[in-house]
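Let me begin by presenting the structure, written as structure tokens, before commenting on it.
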Amino acid sequence: MSTRNLWRCFLLAVTLGAGARLCAAAPLSIGTFTPGSPVTCPTGFFSGMSCYSATVSDCVDYLGHTLPAYDLIYGITAQPASPKGVIVLHDGSGGQYPYNLPNGTNDFASDYYAAGYQVVQMVWTTGKWQPTRIVGEYDLKGTACRPATVFNYLWTTYYLPMYKGPGGPGYCMQSGSGGGATIAYYLAQYNGGNYVDKVLLHAGPEYVDLQKGCAVPNYGPVTGCPNGGGVYPCAQGASSWTYGPQYYSGEISWCAGGGADNGSNAACNNTHGINTWPNETAWKDMSIIDGLSDSSFVYSNTNISGYLCTNTDINGKGNLNPSSEQGWLYYSQFPQGSLHALVVHTATCWASKGSNTPDPEGVVYATVIDGSSVYSGPKTCQNTGFTTGYSAMCNDMVNDCVARH
């Protein structure tokens with residue numbers, strides 16, 4: 001353990017007791033998955049899915065407190081005759097809705113299923129996955145145990161029976177923004193890097209470095225793909241862009257702590273000049289990149305694709321959503337050789353198809369990917385004419401979801 005981690009653990013031992021979870025060796029423990037009953041699929045799930053209720057329990061926060069049990073519903077398609085793998089879709093933000101397009105259509109699930117994959121969607125029915133639901137306690141890394149527990153159950157229950165070794169069916173995952181953090185936490189803190197073959201993340205993940213996102217004064221601007229396209233980890237044609245990684249005032253206080261913005265008091269990137277230093281160690285310790293021994297960023301059998309929006313300065317009002325900048329902090333964490341493959345793509349993102357309103361997370365409606373308005377790669381998805389962004393993401397997944405473990 002590094003000197004920095006030893007010092008942090010000493011401070012935690014003094015304040016929290018010697019058994020503080022943050023001093024533990026990687027990986028963190030997942031919770032308990034309890035299957036429920038078949039249920040009617042909620043609105044927004046891909047038609048033809050079978051849906052089931054379930055409960056996740058026994059997750060633990062940084063104080064060693066057991067988090068309240070959380071309920072969810074997941075849907076899964078029938079297994080194709082010759083399955084190419086399992087693709088898990090977790091929605092952005094708090095995961096309370098099934099992952100589909102912003103207009104509610106299930107093009108991704110439809111195309112992945114048509115391409116031969118068993119597809120999973122899920123929703124959290126207790127509430128957003130991020131809060132501990134223990135008054136006064138905030139721990140995004142601890143609450144990420146909830147989705148990590150589900151991901152492990154899906155791997156064991158649906159994927160392992162079709163596993164045939166490297167080159168066969170793959171276990172793959174897709175999400176964006178705050179939902180993308182569930183996958184990033186799973187890889188880094190819950191041993192997911194030993195299981196997942198392909199990850200596709202767009203506009204994120206979030207919560208990569210909460211300290212840099214919350215600090216006052218602000219950390220300063222981040223330049224994504226600073227060496228231009230074609231230089232690792234950025235795709236050929238990718239563009240450089242510069243914006244700050246900070247959250248807007250009060251944006252994540254509800255899940256990361258630091259006080260709500262009541263007009264005069266909000267610690268996380270507040271506009272009122274409050275000193276943030278009392279919260280900064282806690283923010284760093286619950287980040288995906290935490291500098292602690294419970295994290296790993298070497299997944300030699302995992303491919304990751306990141307899609308980041310370069311037009312995130314909405315209408316000249318400043319960086320109102322740092323998803324892509326936090327995402328760049330994540331991808332720049334991986335030195336060449338730490339993953340089987342990592343490619344970061346840049347996008348010109350819009351709020352809807354045909355829109356001229358920039359959207360900091362609208363990769364699916366992007367008109368330009370890596371400097372091109374025409375998707376020219378291998379085409380497997382049926383909806384390749386939808387948008388350049390959708391075509392790039394969908395074909396990326398179906399052409400790269402293969403077992404490497």
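The values are calculated or read from the model by the stated rules, or taken from the named source; none is laboratory data. Keep in mind that this is a model prediction, so the values were computed, not measured. FYI the Cβ positions are ideal-geometry reconstructions off the backbone, even for glycines, and counts take in every protein chain you see. When the accessible area is computed, the model is the full protein with side chains, heavy atoms only, and any ligands, DNA or RNA have been set aside. Shrake-Rupley method; radii C 1.70, N 1.55, O 1.52, S 1.80 Å.
For region 62-107, which positions are crowded, with 23+ Cβ neighbours inside 10 Å, in contact with a Cys (Cβ under 6 Å, 6 or more places away or on another chain) and of a type in the set (A, V, I, L, M, F, W, C)?
Within region 62-107, I87 is the sole residue that qualifies.
Within region 28-66, track down each residue that is without any contact (Cβ under 8 Å) to a residue 12 or more places away in the chain and within 22 Å of A256 (Cβ to Cβ).
Matches in region 28-66: T66 only.
What is the one condition in (1) hydroxyl-bearing (S, T, Y); (2) open to solvent by 60 Å² or more (accessible area, probe 1.4 Å); (3) modelled with pLDDT of 95 or more that S376 does not satisfy?
So S376 meets the others, but not (3).
In region 217-258, which residues are in contact with a helix residue (DSSP H, G or I) (Cβ under 7 Å, 6 or more places away or on another chain), open to solvent by less than 20 Å² (accessible area, probe 1.4 Å) and not hydroxyl-bearing (S, T, Y)?
Looking only at region 217-258, we keep the residues that are in contact with a helix residue (DSSP H, G or I) (Cβ under 7 Å, 6 or more places away or on another chain), and these are 219, 222, 224, 233, 243-247, 255-258.
Add one more test, that the residue is open to solvent by less than 20 Å² (accessible area, probe 1.4 Å), and what stays is 222, 224, 233, 244-245, 247, 255-257.
The answer is V222, G224, P233, G244, P245, C255, A256, G257.
I'd like the full set of residues that are in a loop (DSSP other than H, G, I, E, B), small (G, A, S) and closer than 23 Å to M397 by Cβ, limited to region 63-93.
A78, A81, S82, G92, S93
Across region 262-303, which residue is modelled with the lowest pLDDT among those that are within 18 Å of S29 (Cα to Cα) and among the polar types (S, T, N, Q)?
Checked region 262-303; the qualifying residue modelled with the lowest pLDDT is S293.
Can you name every residue in region 168-205 that is open to solvent by 10 Å² or more (accessible area, probe 1.4 Å) and in contact with a Ser or Thr (Cβ under 6 Å, 6 or more places away or on another chain)?
Answer for region 168-205, where residues must be open to solvent by 10 Å² or more (accessible area, probe 1.4 Å) and in contact with a Ser or Thr (Cβ under 6 Å, 6 or more places away or on another chain): just S177.
If I filter region 350-363 for residues that are among the β-branched types (V, I, T) and part of a strand (DSSP E or B), do I get at least one hit?
no
Quick check on this structure: which one of T149, T126 is assigned to a helix (DSSP H, G or I), in contact with a strand residue (DSSP E or B) (Cβ under 6 Å, 6 or more places away or on another chain) and in contact (Cβ under 8 Å) with a residue 12 or more places away in the chain?
Within the list T149, T126, the selection yields T149.
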